[in-house]
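Enquirer: Okay, handing you the structure first.
The values are calculated or read from the model by the stated rules, or taken from the named source; none is laboratory data. Computed from a predicted model, the values in this text were never measured in an experiment. Cβ placement follows ideal geometry from the backbone for every residue including glycine, while neighbour counts extend to all protein chains displayed.
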Amino acid sequence: MAARGGGAFASLGPEMHDLVRELYPVCRSITGDGVRQTLARLGREIPLSIHEVPSGTQVFDWIVPPEWNIRDAWVKNSRGERVIDFRRHSLHVVSYSVPVRTRIPLAQLRPHLHSLPDQPDLIPYRTSYYQPAWGFCLPHRQLEQLPDDEYEVCIDASLAPGHLTYGECLLEGSSGQEVLVSCHVCHPSLCDDNLSGVVVATFLARHLQQAPHRHAYRFLFVPGTIGAITWLSRNEERARATAHGLVLTCIGDRAGFTYKASRRGDAPIDVAVRHVLRHTQREHTLLPFTPYGYDERQYGSPGFDLPVGCLMRSHYGQFPQYHTSADDPDFVEAGQLADALATVASVFDVLENDGRYRNLNPNCEPQLGRRGLYGAIGGSRIEQLELAMLWVLNLSDGRWSLLDIAERASLPFQTVQAAAQLLLRHDLLAPCDAAPGASGPQH
Ligand code: ZN
């Protein structure tokens, strides 16, 4: 497994962080040119198909909304000075604001202004996707100092029939199993919450393009909720074939990892993530599935029940920078992005090499010493690899995968895998025919 701190991926950290920085100013939302611009940039790193779904399209119980685009927005005082300026920060405008152009006194403007009294220097992130409204966000300190005045308000935006845009990158495999990696691309200038997941997913796809892999990998860059629902609705059958999946978000900050399990709770992806976090001694918190959060709740809706967990560092909604202007490029770190990439790559490495085998000599232990597989000096402490061979031989009755065995034996997956390779070479083990991993342990 890759060493802590990013290992072989550590050198990619600065490049990953540069991409976060580059995408930071783009005003993304659940539809519109900000998403297109973001996906166009990612398309320079990985083979990305861009899908456009017309507004008004029914997707299960939802309807693809009108497309929102914004050119400029401001609040000017009576001297004509921009006191709130969208050009300075995309968070200043409530996402999906309807267009407005008016002159109003402070008292009438006030209900349209959003701030955080407890974090008076930060701009909050607000949206109004499904109810027509307009508004501005600003630091509470600034709001309190706005003098009574007549203000000119302009939101030069359009909300009209158009499209919902999402990106999809498929890397074909040969095992018949497909791995889904999903991240949201709908937040404007926020880094940990959306860009960290976007960048880790992009570099993961770039890595897997070069690395040999048996499984197919499907990367989705979708607007949160509506995008995942749209993809699921257009790919119902394909989605159901997902063998393993991860939602990546909030994964570049300084905290240890947080893993929220899939709805199933004990799918191979859940076991593999927990295994890697524990055996690489990474600080981590494990959480059960909840029907709230990011798109794991769509993939884990009862009609799909896909084995898709959510890997984060800080837990969404529970850190002070969440959904504020403090979630900026300095809040995520190059080393943490690279370490997240290394961690997910290790998880996929486990899933790639997992499998079920059959012991070809099941009646009592085979004599390993005769084959040079067992310590020559009797009585000395058993080596990990030898112990792993005994476990693999004992549990390889076709029901236990190598990952199940590693977990039960409390041994690193790599050791168990190496033991299986040795036993295979000595004709003591044979692979089972069924594709491994997809159905989980049968015990
Ligand atoms: Zn968010």
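Enquirer: Which of the following residues is crowded, with 24+ Cβ neighbours inside 10 Å, in a loop (DSSP other than H, G, I, E, B) and either touching a residue at least 40 places away in the same chain (Cβ under 8 Å) or assigned by TED's automatic domain parsing to the domain that holds T415 (or both): G245, G227, G252? Show your work before the answer.
Expert: Details: G245 fails: in a loop (DSSP other than H, G, I, E, B); G227 fails: in a loop (DSSP other than H, G, I, E, B).
None of the other options fit; the residue is G252.
Enquirer: Of (1) among the polar types (S, T, N, Q); (2) touching a Gly at 6+ places or on another chain (Cβ under 8 Å); (3) on the phi > 0 side of the Ramachandran plot, Q281 satisfies all except one. Which?
Expert: The number of the failed condition is (2).
Enquirer: L146 - would you say it is buried (at least 20 other Cβ atoms within 10 Å of the Cβ) and either outside any strand (DSSP E or B) or in the same structural domain as G317 (by TED's automatic domain parsing) (or both)?
Expert: Numbers: buried (at least 20 other Cβ atoms within 10 Å of the Cβ): no; either outside any strand (DSSP E or B) or in the same structural domain as G317 (by TED's automatic domain parsing) (or both): yes.
It is false that L146 is buried (at least 20 other Cβ atoms within 10 Å of the Cβ) and either outside any strand (DSSP E or B) or in the same structural domain as G317 (by TED's automatic domain parsing) (or both).
Enquirer: Scanning the range 199-223 for residues that are closer than 26 Å to I63 by Cβ and of a type outside the set (F, W, Y), which turns out farthest from the ligand (Cβ to nearest atom)?
Expert: R218
Enquirer: Only one of these is touching a Phe, Trp or Tyr at 6+ places or on another chain (Cβ under 6 Å), within 21 Å of D266 (Cβ to Cβ) and not aliphatic (A, V, I, L, M): S396, S410, S401. Name it.
Expert: Working: S410 fails: touching a Phe, Trp or Tyr at 6+ places or on another chain (Cβ under 6 Å); S401 fails: touching a Phe, Trp or Tyr at 6+ places or on another chain (Cβ under 6 Å).
Going through S396, S410, S401 in turn, just one is touching a Phe, Trp or Tyr at 6+ places or on another chain (Cβ under 6 Å), within 21 Å of D266 (Cβ to Cβ) and not aliphatic (A, V, I, L, M): S396.
Enquirer: Can I ask one more? Would it be correct to say that H244 is over 11 Å from the mean Cα position of the chain (by Cα) and modelled with pLDDT of 95 or more? Even if it seems obvious, please write down each step before you answer.
Expert: On the way: over 11 Å from the mean Cα position of the chain (by Cα): yes; modelled with pLDDT of 95 or more: yes.
Taking the combined requirement at face value, the residue satisfies it.
Enquirer: Still on this model: Give the residues of the range 33-80 that are charged (D, E, K, R) and either in a strand (DSSP E or B) or out of contact with any Asp or Glu (no Cβ under 8 Å at 6 or more places or on another chain) (or both), sorted by residue number.
Expert: Looking only at the range 33-80, we keep the residues that are charged (D, E, K, R), and these are 33, 36, 41, 44-45, 52, 61, 67, 71-72, 76, 79.
Matches in the range 33-80: D33, R36, R44, E45, E52, D61, E67, R71, D72, K76, R79.
Enquirer: Given the structure, is R88 without any contact (Cβ under 8 Å) to a residue 60 or more places away in the chain and assigned to a loop (DSSP other than H, G, I, E, B)? Full working, then the answer.
Expert: Working: without any contact (Cβ under 8 Å) to a residue 60 or more places away in the chain: yes; assigned to a loop (DSSP other than H, G, I, E, B): yes.
Answer is yes for this residue.
Enquirer: Out of the residues in the range 10-22 that are under 17 Å from the mean Cα position of the chain (by Cα) and among the aliphatic types (A, V, I, L, M), state the one that is surrounded by the fewest Cβ atoms within 10 Å (Cβ to Cβ).
Expert: Per the criteria, the residue is L19.
Enquirer: Something else now. Hey, among S196, S182, which residue is assigned by TED's automatic domain parsing to the domain that holds G335, assigned to a strand (DSSP E or B) and within 16 Å of the ligand (Cβ to nearest atom)? Even if it seems obvious, please write down each step before you answer.
Expert: Details: S196 fails: assigned to a strand (DSSP E or B).
When all the criteria are applied, what remains is S182.
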